[in-house]
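Computed from the coordinates by the stated procedures, all read-outs in this text should not be read as laboratory data. If you're wondering where the values come from, they're calculated on a predicted model, not measured in any experiment. In this analysis, Cβ positions are derived from the backbone assuming ideal geometry, glycine residues included, and neighbour counts consider all displayed protein chains.
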């Protein structure tokens with residue numbers, strides 16, 4: 001059974017959501033409604049993508065082939081699945097390929113919009129990553145925000161949207177009334193999934209991770225006892241790296257990721273003569289994700305980053321793991337993540353972040369509430385990927401010392 005398989009069992013809550021969504025989609029197919037919008041919300045790991053995968057496969061399978069007058073064969077109705085996150089899109093492409101669903105069932109958002117062909121059912125995963133600004137990608141007279149364009153190209157639009165995974169100013173919606181209407185208007189049906197299915201831990205551990213990832217007050221407290229889930233903090237960077245490598249050897253699908261606190265520039269090389277853009281932590285140096293030649297070669301074959309054997313030798317980021325399940329996740333909290341002694345929680349020093357495509361400088365500083373919100377959401381994404389375990393190494397000395405004292 002492969003990642004996000006449409007054949008995985010659904011919980012009662014997921015089944016209830018699936019039945020409601022199916023009913024609403026059928027109403028549009030029968031001509032009762034048009035331009036219907038269904039929004040699926042839920043915490044990271046609540047089973048949104050597995051639900052989307054089942055909807056995708058079910059409606060493709062039910063869309064029986066018919067022969068038209070010109071003897072051309074087509075489906076009775078059309079369905080497409082889009083996702084802006086490249087690695088997640090590759091996962092869906094694997095599903096479509098293994099199930100012989102045909103080409104162009106899974107598409108890049110921009111390619112679908114440029115094609116301009118309306119479909120009956122449009123499924124959009126990771127819709128919180130859709131761009132609300134142009135950013136010089138298209139002619140200003142023809143451009144419109146991606147969500148608005150997609151709404152026009154669908155009889156029924158089904159979105160997975162998690163505001164807590166909105167990680168960039170490029171996806172901001174609050175200042176656009178039309179976007180807010182699509183997401184939260186009277187005609188939008190919102191379905192909430194609130195059960196945790198990714199993290200295989202007891203409830204106390206799940207809540208501990210969620211509170212840490214939300215930067216809640218007094219969340220830096222002793223970790224709960226849990227025989228089924230492993231939380232470890234490391235004082236030594238080399239021991240941290242070795243531990244994840246061992247987990248990958250023994251359990252598979254274990255990777256290291258980091259906050260975007262080290263330089264990276266796509267399409268160029270470091271001026272110091274280094275072969276790769278690297279992440280330096282303790283005595284360890286690792287290239288950023290998608291830097292190694294063997295990883296790039298595997299990507300040409302549409303293999304998702306986390307499933308490439310050599311990616312264990314790279315440092316992942318939210319760019320490569322958002323929406324992804326890993327058996328064990330090793331998270332490096334870079335210099336931008338610090339300990340707030342007053343609130344006893346994690347905090348963000350945005351001036352130490354290198355993620356300048358996602359955040360904007362205001363009056364000489366990146367330390368604005370909006371920027372901090374985006375960077376906190378990145379940390380939330382990284383901390384909630386692990387199914388069986390979470391390993392953490394903090395670059396900031398005070399935070400690393402604080403974390404070391406939290407395990408029983």
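Numerical summary
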| quantity | calculated |
| --- | --- |
| Taking N as its residue count, the alpha carbon Rg of the chain over 2.2 N^0.38 Å | 1.00 |
| Overall Cα dimensions of the range 340-392, principal axis frame, Å, largest first | 43, 29, 15 |
| In degrees, nearest ten, helix 237-251 long axis to first principal axis of the chain (Cα) | 40 |
| Kirkwood-based Rg to Rh ratio, the range 12-193, C-alpha trace | 0.95 |
| Helix-only [θ]222 nm of the chain, DSSP H runs n ≥ 4, -39500 (n - 2.57) each, per residue, nearest 500 | -9500 deg cm²/dmol |
| Per residue, the convex hull volume that the Cα atoms of the range 254-346 enclose (Å³) | 126 |
| Equivalent-ellipsoid semi-axes of the range 203-404, from the Cα gyration tensor, Å, largest first | 25, 23, 15 |
| Fraction in percent of alpha-carbon pairs per bin - 5 Å, the range 166-303 | 2, 7, 9, 12, 15, 15, 14, 12, 9, 4, 1, 0 |
| Ranking of 124, 50 by count of other Cβ atoms within 10 Å, fewest first | 50, 124 |
| Cα gyration tensor, the range 173-245 - rounded (a/c under 1.5), prolate or oblate | prolate |
| Residue order, fewest to most surrounding Cβ atoms within 10 angstrom, among 151, 356, 128 | 356, 151, 128 |
